[in-house]
1. Using a Förster radius of 45 Å, what is the FRET efficiency between GLU132 and THR290 based on their Cβ-Cβ separation? Nearest 0.05, please.
2. Starting from the Cα of GLU67, step 7 Å along the direction of its Cβ; do the same at GLU367; then give the gap between the two resulting points in nm.
3. Can you sort VAL388, VAL366 from fewest to most other Cβ atoms within 10 Å of each residue's own Cβ?
4. If exposed means no more than 10 neighbouring beta carbons inside 10 Å and the site is in a DSSP loop, what's the longest run of the chain without any exposed chymotrypsin sites (Phe, Trp or Tyr not before Pro)?
5. Compute the length gained on full extension between ALA139 and ASP5: take 0.36 nm times their separation in residues and subtract their Cα-Cα distance, giving the result in nm to one decimal.
6. How long are the semi-axes of the equivalent ellipsoid of region 3-107, taking √(5λ) for every eigenvalue λ of the Cα gyration tensor, in whole Å from largest down?
7. Would you look at the GNM of the chain, springs on alpha carbons closer than 10 Å, and say which of SER34, SER177, SER127 moves the most?
8. Please work out how much length the chain gains when fully extended from HIS231 to GLN52, using 0.36 nm per residue of separation minus the C-alpha to C-alpha distance, in nm with one decimal.
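Since every read-out is calculated from the coordinates, none of them should be taken as a lab result. Everything quoted here is computed from the prediction, not taken from an experiment. When we count neighbours, we look across all protein chains shown, and the Cβ atoms used for this are built from the backbone with ideal geometry, even at glycine.
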Amino acid sequence: MRITDYELYEVPPRWQFLKLETSDGAVGWGEPYSKWHYQGDAPSATPAAVDQMMEKYVLGEDPARIEDLWQAMYRSSFYRGGPIHMSAIAGIDQALWDLKGKRFGAPVYELLGGPARDRVRAYQHVSVPSVEEVDDPAAAAAREAEGHVADGFRALKLVPTPGLELVDSPASVDAASEVVGAVREAVGAEVDVAVDFHGRASKTMARQLAAALEPHDPMFVEEPVTPEHDHALPRIVESTRLPIATGERLYTRSDFRPLFEADAVDVVQPDVSNAGGITETKKIADMAETYDVSVAPHCPMGPLCTAASLQIDAAVPNALVQEQILHKVEGAFRYVENPGMFDVVDGFIDVPEGPGLGVEIDGATVEEWDGRDLSFTRPLGRRADGSVGER
Ligand SMILES: [Mg+2]
């Protein structure tokens, strides 16, 4: 069997679905991560990298040789790693695992050692509106959180601050604490509430914010600082009893290694569509296990990324909770013929049953939406003095 053809679709909201075809008519799907997003008519950077990898190293090859193809795609580039290269590899790698699973009639996790759990905890995002949008952001977030719990979620996550000064006022810290406190009060102690600083805090403010949120017992604090400042994590970890999470902007085992060696993190969040696919993410999860670190795969993307993440969650002993946005994004399930595989019951998604990634893609609908409504401009954060900050 040989890989004979491929097609990369770009569909709203800003997802990319890669289809691989083989000489015996099999089809495998994967999802690279759209970078640098779509700015007006300017293209995302990822498709060019996918084309390079496919044309040079994958077309004409045996899809069964996943590790070998991965090594070829990774080591062929003198300038390797990073968000574009590893995302292109990720999409191709997922499609190769999908093909392998379908070939053997088994979910991917069966090929990785079998299920280590029966179901996977999943969390839902709670939006926190700005003070410009509503009078009481904390109350609005609390109301939304109650709705998600009513819908079956037992874990939530929110970004508690719209942005911070390098050293900010007690009022900004209090506002963040008020939001998390309102959500905690609304959902009670039985529901987990994680917080994501989204890299918006300096290391100085990260410690202050974590201390202020401690009374509300968040499940973890995500990206207390941007990855450029991961050197500050050991001091942040030392400063708080809250679990510290990071990793959505790290792309390889080598990127994660310093965090493990410095005992700088409690939860790692590799993204199976960012970090070299199932092959590399599984290895990152295994490294984490040896350091008593749990894994919460990052996945604010589409159904293939979510399904591939569930395969990792199923296979590894240290999976903590799975991010997903499918239950919040309008039209997310239009591309999927078996959306029931993502149902959340009592806070959990069942381990997938179907072969490969387990998700059945509606190819006709993907073609229908290909290239439509892709424009997405990431907002630029500015501090009170007009200087550029983090968002
Ligand atoms: Mg995040």
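1. Efficiency for this residue pair is about 0.45.
2. 3.8 nm
3. VAL388, VAL366
4. It works out to 80-391.
5. Extra length from ALA139 to ASP5 when fully extended: 43.1 nm.
6. Semi-axis lengths for region 3-107 are 22, 16, 11 Å.
7. Of the options given, SER127 has the highest mean-square fluctuation.
8. Value of the extension gain: 61.1 nm.
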